[in-house]
Amino acid sequence: MTNAVNASGPGLTTTKAPFIEQAVRDGQLFIRQPYELYSEANHDAWRRLYARMLPRWREFATDAFIRGLDSLCLDPTRIPRLDDVNHYLAAQTGFRAVAVSGYVPAADFFGCLARREFPTTITIRDGATLDYLPEPDIFHDIAGHVPMHADRAFADVLQRLGACVVRATQLVSASAGPDREARAASTERAIARFFWFTIEFGLMRAANGDGLRAYGSGLLSSHGELEHSLQSPDVERLPFDLERVINQRFEIDHYQPLLFIVDGFDHLNALVTTLERAVDEGRLENVTADAADFPLT
Ligand SMILES: [Fe+2]
């Protein structure tokens with residue numbers, strides 16, 4: 001493999017990438033990863049992000065994340081090629097990272113998960129703002145999410161969540177009544193909240209019984225929030241309560257003050273089974289509303 005670099009070009013920096021702007025103008029959501037466009041500054045941002053996260057992952061991440069990270073053979077110094085990531089990932093769980101140009105509507109996002117595809121941002125944050133970024137970037141998506149996708153039990157949860165939304169959409173579409181769209185939106189919102197408090201910000205009891213570990217990618221891609229989530233007295237950490245989670249609003253622009261704990265992957269899988277049953281019985285069709293929509297990935 002080669003690492004050709006367009007060091008003098010504008011690069012693929014979040015919110016400053018002409019390639020992405022053109023793709024959006026052309027209405028292209030699923031794109032290729034134009035690896036040659038990454039600048040040296042882009043690779044340097046990846047290198048610095050990775051170097052400072054590594055000791056924190058070893059201290060705070062769940063064992064499955066560390067195993068997944070090792071299995072992907074990521075280069076700590078260069079932005080990964082999705083083809084290389086998929087070479088190692090697909091062989092383990094059948095999941096694949098697919099490049100997208102930006103925000104993926106919820107129905108499309110969950111449809112991808114149902115096919116074991118993970119919509120993946122290919123830009124990387126500006127090196128001057130390593131700490132906070134409202135948009136997802138390739139460090140969040142590949143270093144934060146994808147190592148967990150190498151775990152078979154976790155990959156199954158992710159695929160089942162996607163299938164849950166697909167099935168809910170089919171069920172609501174086949175039903176009658178003027179409130180059909182509202183019921184569909186409610187179900188999608190409930191599952192998105194489940195996703196948020198598990199896949200993005202989940203905590204798990206350590207396999208050896210020694211405290212808690214993070215498995216949520218929003219935590220695993222944040223140098224500051226990973227430690228904060230497990231050690232700050234300002235964070236409320238509660239045993240997972242499905243009814244509460246699907247009705248729980250959240251905000252994306254600050255550290256999460258409330259997190260939920262699962263006992264392990266068997267517990268997470270059992271929760272998804274309960275969620276699937278709730279979809280079939282129409283019990284997600286009237287959850288608490290949000291003031292605004294929220295992004296996934
Ligand atoms: Fe994410």
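No lab work stands behind these numbers, since they all come straight from the coordinates. What you see is a predicted model; the values in this text were computed from it and never measured. Neighbour counts are summed over all protein chains in view; Cβ atoms, including those assigned to glycine, are modelled from backbone coordinates with ideal geometry.
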Using a Gaussian network for the chain with springs between C-alpha atoms less than 10 Å apart, which of these wobbles most: V235, V279, V98? V235
Would you mind ranking Y215, Y38, Y132 so that the residue whose beta carbon has the fewest other beta carbons within 10 Å leads the list? Y132, Y215, Y38
Zone reached by a paramagnetic label modelled 7 Å from R81 Cα along Cα→Cβ, restricted to region 119-160 with backbone N below 19 Å, covers 120-124, 138-139, 142-143
1/(1 + (r/R0)^6) with r = Cβ-Cβ of R249 and I66, R0 = 35 Å, i.e. FRET efficiency to nearest 0.05, evaluates to 0.65
Counting sequence-distant residues (5 or more places) and residues on other chains, those with an amide H built under 5 Å from that of L212 are A206
In a Gaussian network model of the chain with springs linking alpha carbons closer than 10 Å, the residue among C112, C73, C164 that fluctuates most is C73
Report, by chain and number, residues whose modeled amide H sits under 5 Å from the one on V104, excluding near sequence neighbours (fewer than 5 apart, same chain). L296
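In percent, what relative contact order does the chain have, based on Cα pairs under 8 Å that are 6 or more apart in sequence?
19 percent
Can you name the helices of the chain, as whole DSSP H runs, whose Cα span along the helix axis is 18 Å or more and whose Kyte-Doolittle mean is not below 0.5?
Long hydrophobic helices here: 152-174.
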Can you list the residues of region 14-32 with backbone N under 15 Å from a point 7 Å past the Cα of D108, pointing along Cα to Cβ? 20-32
Per residue, the convex hull volume that the Cα atoms of the chain enclose (Å³): 127 Å³
Taking the Cα centroid of region 102-131 and of region 210-281, what is the distance between the two, rounded to the nearest whole Å? 20 Å
What residue among A114, A91, A174 has the largest mean-square fluctuation in a Gaussian network model of the chain, using Cα springs under 10 Å? A174
